[in-house]
Amino acid sequence: MPFGEIVIGAPGAGKSTYAYGKYQLFAALERPIAIVNLDPANESLPYPCAISISSLITLQDAMNEFGLGPNGAMLYCMEYLETNFDWLLEELAKLHDETWVVFDLPGQVELSTNHDSLKNIITRLTKSDFRLAAVNLCDAHYITDAAKYISVLLLSLRTMLQLELPHVNVLSKIDLLSQFGELDFNLDYYTEVQDLSYLESSLPQGTKFAALNMRISELVQEFGLVGFETLAVEDRESMLRLMRIVDRATGCVFVPKPEQAGGQVGLLSDEEAELPKTRKPNIYSLFSSAAGPIGGVRSDVRDVQERWLEAKDAWDEHESKQLASSNGKH
């Protein structure tokens, strides 16, 4: 049963960068991974691509053939992929069953909010025994503006309702957030989507848009579905934590080699005990991944706030010294 994730988000949210970061992380963990590029306009891929929609159709093909603009051509490409779904399934069948599959999607938000082709493709993938989760990347700087934050909440909610998948919303580029000034509230206010009525004073007053934003806020809170994780792609601990969250969303349990989990092997049968060390089932990791809390460095959003907002320079200096010391030992 293949597992994977659908990576979506607005243009510039960091989808391809995240996909490449995940590829590098999985390579370091010796975990099989394949990236599927489903963006027909993405001509310069930063990652090794196992499957690309450009082998089937490109954005330029659709624009030239039908005289469409970029957005119309993008919708046509997705409809063409839906029609030729067997091509995608045949390409995916060439991958090993244990390979984690990352689907890198275009940035046009209408594909994941109100256009049916992507939803239909996902439905057919799940019927083909793929266990998928949606990873929705949202640029973290939007939380510095109340109106933009509310729009991100609405967009995330609409995407969750449209795709009907286990869903992980992510504030990406959290390491760059300090460049946009101080937040009105602590970071956990935004990640946990706490009482949105407090945003009213931060909205432009005396306009109809302030009232509209508050009605949207009430709608989001009535559903009670939206929340956010944080991500700094260049930070290993941030990537590891998000990996575990997405694993859990899909029901996938990655069992590392015993020595990677501190050697806690657990109870083994006589046959298993005779296996080489690297092949012994790691029962401790299995059950801690499936049922235990997701811990690790900066598992608390308050620690994320300290690292990237309150004491970023001090942490950068500390980690630079640690890296220099580590390199000196080698």
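The values are calculated or read from the model by the stated rules, or taken from the named source; none is laboratory data. The structure presented is a predicted model; accordingly, all values stated were derived computationally and were not measured. When we count neighbours, we look across all protein chains shown, and the Cβ atoms used for this are built from the backbone with ideal geometry, even at glycine. All accessible areas refer to the heavy atoms of the entire protein, side chains included, with ligands and DNA or RNA removed. Shrake-Rupley method; radii C 1.70, N 1.55, O 1.52, S 1.80 Å.
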> To the nearest 10 Å², what's SER326's accessible area with a 1.4 Å probe?
Replying inline: 50 Å²
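Accessible area per residue for region 1-103 in Å², computed with a 1.4 Å probe and the full protein assembly in place, what is it?
On the way: 4610 Å² over 103 residues.
Result: 45 Å² of accessible area for each residue.
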> Considering only protein heavy atoms and a 1.4 Å probe, what is the carbon-and-sulfur percentage of the accessible area of the chain?
Replying inline: 50 percent
> Can you put THR207, THR83 in order of accessible area, largest first, using a 1.4 Å probe?
Replying inline: THR83, THR207
> Got a number for the accessible area of HIS167? Probe 1.4 Å, square angstrom, nearest 10.
Replying inline: 40 Å²
> How much accessible area does SER201 have with a 1.4 Å probe, in Å² rounded to the nearest 10?
Replying inline: 100 Å²
> Taking only pairs that are 8 or more places apart or on different chains, how many Lys pairs in the chain have Cα atoms under 23 angstrom apart?
Replying inline: 15
> Which of THR207, ASN136, SER238 sits closest to the plus end of the dipole of the chain, meaning its Cα is farthest towards the positive end, when Lys and Arg get +1 and Asp and Glu get -1 on the C-beta?
Replying inline: SER238
> Once the mean 1/r over all distinct Cα pairs of region 138-218 is inverted, what Kirkwood radius in angstroms do you read off?
Replying inline: 13.5 Å
>> Counting just the Cα atoms, what span does the chain cover along each of its three principal axes? Round to the nearest Å and put the largest first.
In response: 73, 52, 40
>> Let me check I have the definition right: for region 78-200, take the eigenvalues of the Cα gyration tensor, multiply each by 5, take square roots. What are those semi-axes in whole Å, largest first?
In response: 34, 15, 12
> Sorted by packing (mean other beta-carbon atoms within 10 Å per residue), highest first, where do 238-249, 187-198, 3-14 land?
Replying inline: 3-14, 238-249, 187-198
